[in-house]
Amino acid sequence: MWIPEKYKVEDSKTIKAFIASVGLATLITMDNNFPVATHTPIELEYDDNGNQVLRGHIAKANPQSEKLKTQPNALVIFHSPIQHYISSSWYDKPNAPTWNYMSVHLYGKVSILNEDDLWHSVDRLTQRHGKISRCPISLQSLPNNIQGMLKGVTGFEIPVDKIEASFKLSQNRTNKDYENIIQELTTLNTPLSKLMSQTLKQTKKI
């Protein structure tokens, strides 16, 4: 991913927090001449040696599942739902409009999880995201026939070889433009504009 220096993020804590907050990722691998992609929840975890790994699963019925074994090179993208068009009419001087966004790309080679590692991976995923429920469940609390549905998925692990993070949040604008952008986004009063406005306010404080 090409990242202008102003937008580059290298702080590991910031990147890990971002990945955890987004949750849903896009797994991209190759299928003969073209890339293929699946949207699926993926967790950033650590192996027994303390190395960063991505773990997730996709349906065995998904053709990409079989290709993971022969085309293991993977790109995983976590893209924030907080994104917005930035009109150049909000600037003090004429310029081109743009789009603000936050995205993290991770690269590595896929290996397939065995049944036991898959079970524990899905259980951790369920417990972490299930905390928002009034009555959280764990995988082991589900009936055996439901747990048996894991036979229909392929679990995978990707040791992380490279991470690229870009938070494009109007860092290239003047203070006056930055304040104008926040004000205009707030005035729009849409769900996305309010989220972007709040993000810019928080970023300014850092």
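The values are calculated or read from the model by the stated rules, or taken from the named source; none is laboratory data. None of these values were measured; they are calculated from a predicted model. Neighbour counts are summed over all protein chains in view; Cβ atoms, including those assigned to glycine, are modelled from backbone coordinates with ideal geometry. To get the accessible areas, we keep the full protein, side chains included, count just its heavy atoms, and leave off ligands, DNA and RNA. Shrake-Rupley method; radii C 1.70, N 1.55, O 1.52, S 1.80 Å.
Projecting the Cα positions of Val160, Leu27, Ser103 onto the charge dipole of the chain (unit charges on Cβ atoms of Lys, Arg, Asp and Glu, taken about the Cα centre) puts Ser103 furthest along the positive direction.
The long axis of helix 12-22 is offset from the longest Cα principal axis of the chain by roughly 80 degrees.
Of all aspartates and glutamates in the structure, those lying under 18 Å Cα to Cα from Lys60, and not within fewer than 8 positions of it along the same chain, are Asp31, Glu115, Asp116, Asp117, Glu157. Charges were assigned to the Cβ only: +1 to each Lys and Arg, -1 to each Asp and Glu. The resulting dipole of the stretch 30-89 about its Cα centre is roughly 220 debye. Available extension along the chain between Asp161 and Thr187 is 5.1 nm, counting 0.36 nm per residue and deducting the alpha carbon span.
The gain in end-to-end length when the Ser87 to Val36 segment is fully stretched comes to 15.1 nm, 0.36 nm per residue minus the alpha carbon separation.
Of the accessible area of the chain, computed with a 1.4 Å probe over protein heavy atoms only, carbon and sulfur atoms account for 54 percent.
The overall shape of the stretch 101-154, judged from the alpha-carbon gyration tensor, is oblate: a/c is not under 1.5, and a/b is no greater than b/c.
Less than 5 angstrom separates the built amide H of Ile42 from those of Ala25, all sequence-distant by 5 or more or on a different chain.
Relative contact order for the chain: 25 percent, from Cα pairs under 8 Å spaced at least 6 residues apart, divided by residue count.
Taking the longest Cα principal axis of the chain as reference, the axis of helix 175-188 is set at about 70 degrees. Shape of the stretch 3-43 from its Cα gyration tensor (a ≥ b ≥ c, root eigenvalues): rounded if a/c is under 1.5, otherwise prolate when a/b > b/c, or oblate? Oblate is the answer for the stretch 3-43, as a/c is 1.5 or above yet b/c matches or exceeds a/b. Solvent-accessible area per residue in the chain equals 59 Å², computed with a 1.4 angstrom probe and all protein chains kept. The ellipsoid that matches the Cα gyration tensor of the stretch 130-206 has semi-axes, each √(5λ) in whole angstrom, of 43, 20, 10, with the longest given first. Mind pulling the angle between the C-alpha long axis of helix 115-130 and the longest principal axis of the chain? Nearest 10 degrees, somewhere in 0 to 90. The angle comes out at about 40 degrees. If you take the Cα centroid of the stretch 81-97 and the Cα centroid of the stretch 135-206, the two points sit 21 Å apart. Take each peptide in 43-56, 122-135, 167-180, count the other Cβ atoms within 10 Å of every residue, and average; sorted highest first, the result is 167-180, 43-56, 122-135. Couplings 3J(HN,Hα) of the stretch 157-166, computed from phi: 9, 10, x, 7, 8, 8, 10, 10, 10, 10 Hz, in residue order, whole Hz [Karplus 6.51 cos²θ - 1.76 cosθ + 1.60, θ = phi - 60°; x for Gly and Pro].
Checking the cross-link pairs Lys16/Lys109; Lys6/Lys69; Lys8/Lys93; Lys6/Lys67; Lys6/Lys162; Lys16/Lys176 against a 28 Å limit on the alpha carbon distance flags Lys6/Lys69; Lys6/Lys67; Lys16/Lys176 as lying beyond it. Taking every DSSP helix (H) stretch of at least 4 residues in the chain, weighting each as -39,500 (n - 2.57) and dividing the sum by the residue count yields a mean residue ellipticity at 222 nm of -9500 deg cm²/dmol.
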